[in-house]
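Chemist: Structure in structure tokens, see below.
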């Protein structure tokens, strides 16, 4: 299926029949809605290289799918759904697919502003980067410094950052500027498997590996002075961005859920267009069970980032004597999540739908009831990080997002090159030296991860964000550049 360009920044595959071969059996599936890709020519050429288009056209065949399936400008092939995929299904009778959330449930980003300017931080950047690396455990299989009880873990899964704040991590005001207030309702720790709990209990407060990071940044450019002022952002200001998720807890919950769903589909004789696109029907006990576990993993991730933020504040306090309360949370968000939201479904109809965001960021516009009061006049803050060595963007959601993308946008640069290919092409030692030569202090658990995460392994972040900005999905507020990076 070849997408055709229907407007500036919009490519589309119209509804048609898909022929899929399972072993020796040929089956037909029909797309119920169009599949759209938001991209410019540069990005479309890259998105078309893998199975992203095939994956979103598969999603368009799911029961109860509404309006359109979307691949954002950072899209690349994932499990079932492409990463950068957005889809909405009916809350009664529509499909709910773990592939539309992913294994790293509630992987997300948060941004802190500091009262410091770049000139104050530059002389101690290596020391500050090292302090962050030492304060926050990172790397494959890394364990957090916390030793919590099973009762504590259940509270984390059920209550999110409420547990953290009650135990002295962070401040009451942190809740305000966090999606869901850092607490996804409807979680049920009692149905999370013992294996998931055992894998997660020692990882709370750890960064992990891969594309997860803590980044010290400088505000390089203000693009919307009004919105920047409301968010307390100024040129040359130092900020901190944290990117990680639910670690082994989320991975195991997704694994458990997929196994349960596979058994159910086999028992009921249900076949999806792709074996990775298992689903249950919204409103059933099986769907409710998945949602309750997914929300528990989301609460683990909210809390994980919250504790990391607390320790990052401590590192700045130790090196630069910055009071923790003076490092304020600008916003924290999820980009691997399923939310039940009200949206325009076309033909003048509105309704509640299951919005799957897989590597996609919520972008509610000005005036939306779920935008914090202090930001409601400008829209929800949106964080779109680049790769280490490239810019990241602070944006705000715009009204057209409601029509075009179920109020969603890109979540980052999006890989252009697989990790294995990046390791063959780049050398971690060289990447570190190149970044150091550009004034970026780097601390990583291994040189291998620096090769995997080389800036050129990702799409051009300026192009990715430019598509959403030009379509009116988001408005760019500030461009941030890295000055210190820690990687797992």
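Chemist: Looking at 160, 108, which one is crowded, with 21+ Cβ neighbours inside 10 Å, under 20 Å from the mean Cα position of the chain (by Cα), under 22 Å from residue 288 (Cα atoms) and touching a residue at least 24 places away in the same chain (Cβ under 8 Å)?
Modeler: It is 160.
Chemist: Can you find, within region 422-446, the residue that is farthest from the chain's Cα centre (by Cα) among those that are part of a helix (DSSP H, G or I), in contact (Cβ under 8 Å) with a residue 12 or more places away in the chain and exposed (fewer than 14 other Cβ atoms within 10 Å of the Cβ)?
Modeler: 429
Chemist: Also, I was wondering about something else. Taking residue 369 and the conditions (1) in contact with a strand residue (DSSP E or B) (Cβ under 8 Å, 6 or more places away or on another chain); (2) surrounded by fewer than 19 Cβ atoms within 10 Å (Cβ to Cβ); (3) at pLDDT 95 or above, which numbered condition does it fall short on, given that it satisfies the others?
Modeler: Checking residue 369 against (1) in contact with a strand residue (DSSP E or B) (Cβ under 8 Å, 6 or more places away or on another chain); (2) surrounded by fewer than 19 Cβ atoms within 10 Å (Cβ to Cβ); (3) at pLDDT 95 or above, the one that fails is (1).
Chemist: Can you confirm whether residue 56 is part of a helix (DSSP H, G or I), closer than 26 Å to residue 264 by Cα and in contact with a strand residue (DSSP E or B) (Cβ under 9 Å, 6 or more places away or on another chain)?
Modeler: yes
Chemist: Kindly list the number of the only condition in (1) in contact with a helix residue (DSSP H, G or I) (Cβ under 6 Å, 6 or more places away or on another chain); (2) surrounded by fewer than 24 Cβ atoms within 10 Å (Cβ to Cβ) that fails for residue 74.
Modeler: Tallying (1) in contact with a helix residue (DSSP H, G or I) (Cβ under 6 Å, 6 or more places away or on another chain); (2) surrounded by fewer than 24 Cβ atoms within 10 Å (Cβ to Cβ), residue 74 fails exactly one: (2).
Chemist: Here's something else I'd like to know. So, in region 310-334, of the ones that are farther than 19 Å from residue 87 by Cα and in a strand (DSSP E or B), which residue ends up farthest from the chain's Cα centre (by Cα)? Outline the logic, then answer.
Modeler: We begin by selecting, within region 310-334, every residue farther than 19 Å from residue 87 by Cα; these are 310-332.
Checking the rest, the ones that are also in a strand (DSSP E or B) come to 328-332.
Details: 328: 21, 329: 17, 330: 16, 331: 13, 332: 10 Å.
Among them, the one singled out is 328.
Chemist: Filter region 1-39 down to residues that are at pLDDT below 90 and not in a strand (DSSP E or B) and give me whichever is nearest to residue 84 (Cα to Cα).
Modeler: 1
Chemist: Of the residues 337, 307, which single one is surrounded by 16 or more Cβ atoms within 10 Å (Cβ to Cβ), part of a helix (DSSP H, G or I) and touching a residue at least 12 places away in the same chain (Cβ under 8 Å)?
Modeler: Residue meeting the stated conditions: 307.
Chemist: May I pose another question? Quick check on my filter: what residues within region 447-468 are surrounded by fewer than 20 Cβ atoms within 10 Å (Cβ to Cβ), within 15 Å of residue 387 (Cα to Cα) and modelled with pLDDT of 95 or more?
Modeler: 462, 463, listed by residue number.
One line per residue, one yes/no per condition, for (1) over 25 Å from the mean Cα position of the chain (by Cα); (2) crowded, with 24+ Cβ neighbours inside 10 Å; (3) at pLDDT 95 or above:
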residue: 245; (1), (2), (3): no, yes, yes
residue: 255; (1), (2), (3): no, no, yes
residue: 269; (1), (2), (3): yes, no, no
residue: 277; (1), (2), (3): no, no, yes
residue: 290; (1), (2), (3): no, yes, yes
residue: 296; (1), (2), (3): no, yes, yes
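Chemist: Here is a follow-up. Going residue by residue through region 185-197, is there one that turns out to be buried (at least 21 other Cβ atoms within 10 Å of the Cβ), within 30 Å of residue 457 (Cα to Cα) and within 22 Å of the chain's Cα centre (by Cα)?
Modeler: Within region 185-197, not a single residue is buried (at least 21 other Cβ atoms within 10 Å of the Cβ), within 30 Å of residue 457 (Cα to Cα) and within 22 Å of the chain's Cα centre (by Cα).
Chemist: State yes or no: is residue 84 within 21 Å of residue 465 (Cβ to Cβ) and touching a residue at least 60 places away in the same chain (Cβ under 8 Å)?
Modeler: In short, yes.
Chemist: Looking at region 160-217, which of its residues are over 19 Å from residue 310 (Cβ atoms), in contact with a helix residue (DSSP H, G or I) (Cβ under 7 Å, 6 or more places away or on another chain) and not in a loop (DSSP other than H, G, I, E, B)?
Modeler: Selection gives 189, 191, 195, 196, 197, 199.
Chemist: Any residue in region 86-96 that is buried (at least 24 other Cβ atoms within 10 Å of the Cβ), more than 21 Å from the chain's Cα centre (by Cα), modelled with pLDDT of 95 or more and outside any helix (DSSP H, G or I)?
Modeler: Yes.
Chemist: Restricting attention to region 340-353, which residues are surrounded by fewer than 24 Cβ atoms within 10 Å (Cβ to Cβ) and touching a residue at least 12 places away in the same chain (Cβ under 8 Å)?
Modeler: Quick first cut of region 340-353, residues surrounded by fewer than 24 Cβ atoms within 10 Å (Cβ to Cβ) only: 340-352.
340, 341, 343, 344, 345, 346, 351, 352, listed by residue number.
Chemist: Give me the residue from region 128-150 that is surrounded by fewer than 15 Cβ atoms within 10 Å (Cβ to Cβ) and outside any loop (DSSP other than H, G, I, E, B) and, out of that set, modelled with the highest pLDDT.
Modeler: Result: 150.
Chemist: Quick test for you: out of 28, 23, pick the one residue that is touching a strand residue (DSSP E or B) at 6+ places or on another chain (Cβ under 9 Å) and farther than 18 Å from residue 71 by Cα.
Modeler: Going through 28, 23 in turn, just one is touching a strand residue (DSSP E or B) at 6+ places or on another chain (Cβ under 9 Å) and farther than 18 Å from residue 71 by Cα: 28.
Chemist: Ok, one more. For residue 59, are the conditions met, namely being touching a helix residue (DSSP H, G or I) at 6+ places or on another chain (Cβ under 9 Å) and surrounded by 17 or more Cβ atoms within 10 Å (Cβ to Cβ)?
Modeler: Details: touching a helix residue (DSSP H, G or I) at 6+ places or on another chain (Cβ under 9 Å): yes; surrounded by 17 or more Cβ atoms within 10 Å (Cβ to Cβ): yes.
Yes, satisfied.
Chemist: Do you know which residues across region 111-133 are out of contact with any strand residue (DSSP E or B) (no Cβ under 7 Å at 6 or more places or on another chain) and in contact (Cβ under 8 Å) with a residue 24 or more places away in the chain?
Modeler: 115, 119, 120, 122, 124, 127, 131
Chemist: Is region 397-412 home to any residue that is touching a residue at least 40 places away in the same chain (Cβ under 8 Å), under 18 Å from residue 461 (Cβ atoms) and surrounded by fewer than 20 Cβ atoms within 10 Å (Cβ to Cβ)?
Modeler: The answer is no, given that none of the residues of region 397-412 is touching a residue at least 40 places away in the same chain (Cβ under 8 Å), under 18 Å from residue 461 (Cβ atoms) and surrounded by fewer than 20 Cβ atoms within 10 Å (Cβ to Cβ).
Chemist: Considering region 21-54 alone, what residues qualify as being more than 15 Å from residue 467 (Cβ to Cβ), touching a residue at least 40 places away in the same chain (Cβ under 8 Å) and touching a helix residue (DSSP H, G or I) at 6+ places or on another chain (Cβ under 9 Å)?
Modeler: Within region 21-54, 29, 53 qualify.
The values are calculated or read from the model by the stated rules, or taken from the named source; none is laboratory data. Treat the numbers as computed from the prediction; the structure is a model and nothing was measured. Heads up, the Cβs are rebuilt from the backbone with ideal geometry, glycines too, and the neighbour counts pull from every protein chain shown.
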